[in-house]
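Contents: one structure, followed by commentary.
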Ligand code: SME
């Protein structure tokens, strides 16, 4: 599936179908890991991206706070990302979605896979605190745009609404 070739209307349509499915999934299960695992699978199924999944903020005593790999779909990935590092660490630090049309042009991008050409990272909030990020990677340039940012922000808001 070539996510690059979706029209804006098709893309919106897929997200509109997905949002109620995600709400149904996460409203009936309280375990965050189980929910993130199913949402990763639903996104992979809907869009066929190269890699999609979650990193969760871990702040353990005696260690610097970091993002640790959570549920995902796709090839092996880096397990630990420091605050402010790469696209994920930047989304965490700035508490702001990062849309990266060409990963090579992003200073400090962490290349988990050389196949990845473009990326979007969306922070997950509980209150004002970033508790993790959703990361999606594509093997095509410029796969992600403002539509993805808008809908993935809605999607993670649905997940976060049900975090206990
Ligand atoms: N490219 C990300 C690292 C995570 S992987 O893409 C799965 C980054 O720069 O933060």
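Step by step: first the residues of region 78-91, then only those that are surrounded by fewer than 17 Cβ atoms within 10 Å (Cβ to Cβ) and part of a loop (DSSP other than H, G, I, E, B), then the one that is nearest to the ligand (Cβ to nearest atom). Which residue is that?
So in region 78-91, the residues surrounded by fewer than 17 Cβ atoms within 10 Å (Cβ to Cβ) come out as 78-80, 82-84.
Adding the requirement that they be part of a loop (DSSP other than H, G, I, E, B) leaves 78-79, 83-84.
On the way: 78: 5, 79: 10, 83: 11, 84: 10 Å.
Among those residues, the one meeting the criterion is 78.
Tell me which residues, restricted to region 93-113, are in a helix (DSSP H, G or I) and more than 9 Å from the ligand (Cβ to nearest atom). Please lay out each step first, then the result.
Restricting attention to region 93-113, the residues satisfying the condition of being in a helix (DSSP H, G or I) are 93-94, 103-105.
93, 94, 104, 105 - these are the residues of region 93-113 that are in a helix (DSSP H, G or I) and more than 9 Å from the ligand (Cβ to nearest atom).
Among all residue pairs at least 6 apart or on different chains, which show Cβ distances below 7 Å where the first residue, located in region 86-112, is touching a residue at least 60 places away in the same chain (Cβ under 8 Å) and within 16 Å of residue 134 (Cβ to Cβ) and the second is within 7 Å of the ligand (Cβ to nearest atom) and assigned to a loop (DSSP other than H, G, I, E, B)?
Final answer for the pair search is 112/77; 112/78.
Check whether at least one residue in region 3-24 is in contact (Cβ under 8 Å) with a residue 60 or more places away in the chain, under 21 Å from residue 142 (Cα atoms) and assigned to a loop (DSSP other than H, G, I, E, B), and report yes or no.
Looking through region 3-24, none of the residues is in contact (Cβ under 8 Å) with a residue 60 or more places away in the chain, under 21 Å from residue 142 (Cα atoms) and assigned to a loop (DSSP other than H, G, I, E, B).
Return yes or no: is residue 74 within 14 Å of the ligand (Cβ to nearest atom), touching a helix residue (DSSP H, G or I) at 6+ places or on another chain (Cβ under 6 Å) and at positive phi?
Taking the combined requirement at face value, the residue does not satisfy it.
Since every read-out is calculated from the coordinates, none of them should be taken as a lab result. Please read all numbers here as calculations on a predicted model, not as lab measurements. Ideal geometry is used to build each Cβ from the backbone, glycine not excepted, and the neighbour counts take in all protein chains shown.
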